[in-house]
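Structure first, then comments.
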């Protein structure tokens, strides 16, 4: 497998080689994997570790946000303007301003697959004046690496809300012949398939690295896109073959006839949308991972269990956080005000108009789910190590 880095010179994209990485056919041991639901039940009971002490929902509900009244709150988006995270943020902005009596200043900080913005949030004072929107699933998956300084979503942040659980699809240019057959094999494209990603070591890079190993897919990467908007444009221009993107970000270019989905990165169909008719899911009892394992002589339950674990981590979702260490009263107040904003009719109507899916959760509920998802990471670590 080869990783390529994308450089922008004016409007041109230039690919330059970097050090090669081991190919997808490395032999990797796959231990039997407990069901995702079992792992979540075990983990939620004893492995919760958040950036602030947890109390029952509403116990300290909105006691006092007066310290933020009239202040400017910096809202960090770790991706470029115009993408999915930016769109959600700008939909939330006016409603949350009203509920807090404060001004929200959105700051886009793309770079390093979202890590620049995420680390900026982590480094700020826990005074309620810095909030941010993070890719919790991508951050969880990034913890599989040996990179120094990867933030922990459960230790380095105070989790305040979940806006949605991401459900991703792999999409190709609408003129592409690439498809996934009944055995989970990719057909119709040249090998290796070239995936566009935000960066080496980013959430989408790790997701594809794990999935391609389980699917025995020969793939390389073109890295260097600042977010989903730029990557989608690159795919439309034919700079690479395929990409992993959230369904919410994929709907518009799919309906515009620019892209088409070839795989749902879920364990069950995302929706009844016509574009998804006949598009296989990657996980679940009849998903592409288990079918591919049967076709290649691997253990379908071991392979499928690992893929189900990946899917569960990926659905951790888009999460609003503050730096760890928020005073409990302020944390509870921000959690409550965000919950009010995310359930406000004005925001719900705006999200529906923008065709942005929602799966809102309070901060404490989201933190528990993140802790459970984090407990699944060790089972996937061998796949990353085998691909490096």
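Some notes on this structure:
- Gyration tensor (alpha-carbon) shape descriptor, the stretch 244-388, a/c threshold 1.5: oblate
- Distance from the stretch 247-289 to the stretch 147-199 (C-alpha centre basis), Å: 12 Å
- Least to most buried among 180, 360, 169, 107 (fewest other Cβ within 10 Å first): 107, 360, 180, 169
- Exposure proxy shown here: for 88, 79, 225, the number of other Cβ atoms within 10 Å sets the order, fewest to most, as 88, 79, 225.
- Förster radius 45 Å - calculated FRET efficiency between residue 97 and residue 187, Cβ distance, rounded to 0.05: 0.35
- Sorted by Cβ density within 10 Å, fewest first, the residues 174, 137: 174, 137
- D (Stokes-Einstein, µm²/s), Kirkwood Cα radius, the stretch 167-313, 1.567 mPa s at 4 °C: 86 µm²/s
- Rounded if a/c under 1.5, otherwise prolate or oblate - the stretch 271-340, Cα gyration tensor axes: oblate
No value in this document is a laboratory result; all are computed from the given coordinates. A quick note: this is a predicted structure, and the numbers were derived from the prediction, not measured. Every residue, glycine as well, gets a Cβ built from its backbone with ideal geometry; the counts of neighbours run over all protein chains shown.
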